[in-house]
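Notes follow once the structure below has been shown.
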Amino acid sequence: KEIAYYEEIDSTNTRLKAWAKEGAMEGSIVIAEEQLQGKGRLGRIWDSPKETGIWMSILVKPQIGIEKIPQITLLAGLATCEAIRKTTGLEAMIKWPNDIVVNNKKVCGILCELVNTGKDTAVIIGIGINVNSKKFPDDLPYATSLYLEGKEVYMREPIISCLLEQLEGYYIQYKKQLSLHNIIEQYKDKCINMNREVNIVSSTESYRATVKDIDVEGRLIVQKQNGIEETILAGEVSVR
Ligand code: BTN
């Protein structure tokens, strides 16, 4: 395993993707103090200012098809949630599929990307945690940091090492069966959406529904107001 550390980089995901194509092995990590072009989900920008957060990408090679990437995302979300809880004592929760929230505000986002290395298929797990950020732009009322919620400055190193330990543990379990079934109950315990009403927003429609369950594939099972159940894949919709 190798770790590449940068003071400044475009995006740790982009860097690790290139490295994967050059033959980086499973477990390789790219981490940076600052990202100039941090990437968020749905083509958004992820603001990654200097030394205030954890901007990190990890390479895994689980030999799964693209349809299973959401499972890796869920697993990474659970590992991150546990690491934040253990190292800060804050009551971090998961907002399906993989935002980590504290007091209902987002402290962490995860962006998984599939990469074809030429030899195999690998997954880049990109994790961004707002650790000591003191302020967010007014147009991001839903964003927060561990510092703002815990009223404490946190060292990043213990969070990183705990996160990697958690991730490795869950990943080893996942790889045994290429299934979330050993993990999904723990995930559901931490998921704030369970049994709650949510807004499901896709490119074509928007409706209110109640979250009934999360299945072993990591899909959200919701019940619409007319009683009909729908199964929702991560990445297809936004849940508010
Ligand atoms: C989201 O939109 O919620 C996902 C944000 C993911 C940000 C992380 S920071 C490290 C890695 N490198 C990137 O460019 N993005 C991810």
Give, as residue ranges, the strands (runs of 3 or more DSSP E) completely inside segment 64-154 that count at least 1 residues that are free of Cβ contacts under 8 Å to residues at least 40 places away in the same chain. 99-102, 105-116
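Quick one: which strands (runs of 3 or more DSSP E) lie wholly within segment 176-240 and hold at least 3 residues that are within 19 Å of E67 (Cβ to Cβ) and not assigned by TED's automatic domain parsing to the domain that holds P70?
Details: elements: 197-201, 206-214, 220-224, 229-232.
It comes to 229-232.
Only one of these is under 10 Å from I124 (Cβ atoms), touching a residue at least 40 places away in the same chain (Cβ under 8 Å) and near the ligand (Cβ under 9 Å from one of its atoms): R41, R15. Name it.
Numbers: R41 fails: under 10 Å from I124 (Cβ atoms).
Only one candidate passes the filter, namely R15.
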Does V153 satisfy the condition of being in contact with a helix residue (DSSP H, G or I) (Cβ under 7 Å, 6 or more places away or on another chain), aliphatic (A, V, I, L, M) and under 29 Å from I58 (Cβ atoms)? yes
Quick check: is even one residue across segment 38-58 crowded, with 20+ Cβ neighbours inside 10 Å, polar (S, T, N, Q), within 11 Å of the chain's Cα centre (by Cα) and in a helix (DSSP H, G or I)? no
Give the number of residues within segment 70-92 that are away from the ligand (no atom under 15 Å from the Cβ) and surrounded by fewer than 23 Cβ atoms within 10 Å (Cβ to Cβ). 8
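Tell me which residues, restricted to segment 100-119, are within 10 Å of the ligand (Cβ to nearest atom) and within 15 Å of E82 (Cβ to Cβ). Let's see the steps before the verdict.
Taking segment 100-119 as the starting set, the residues that turn out to be within 10 Å of the ligand (Cβ to nearest atom) are 100, 106, 108-113.
Listed by number, the residues that qualify are I100, C108, I110.
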Can you spot a residue in segment 212-220 that is at pLDDT 95 or above and more than 16 Å from W96 (Cα to Cα)? no
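The values are calculated or read from the model by the stated rules, or taken from the named source; none is laboratory data. Values in this document were obtained by computation on a predicted structure and should not be read as measured data. Don't worry about glycine lacking a Cβ; one is built from the backbone with ideal geometry, like all the others, and counts go over all protein chains shown.
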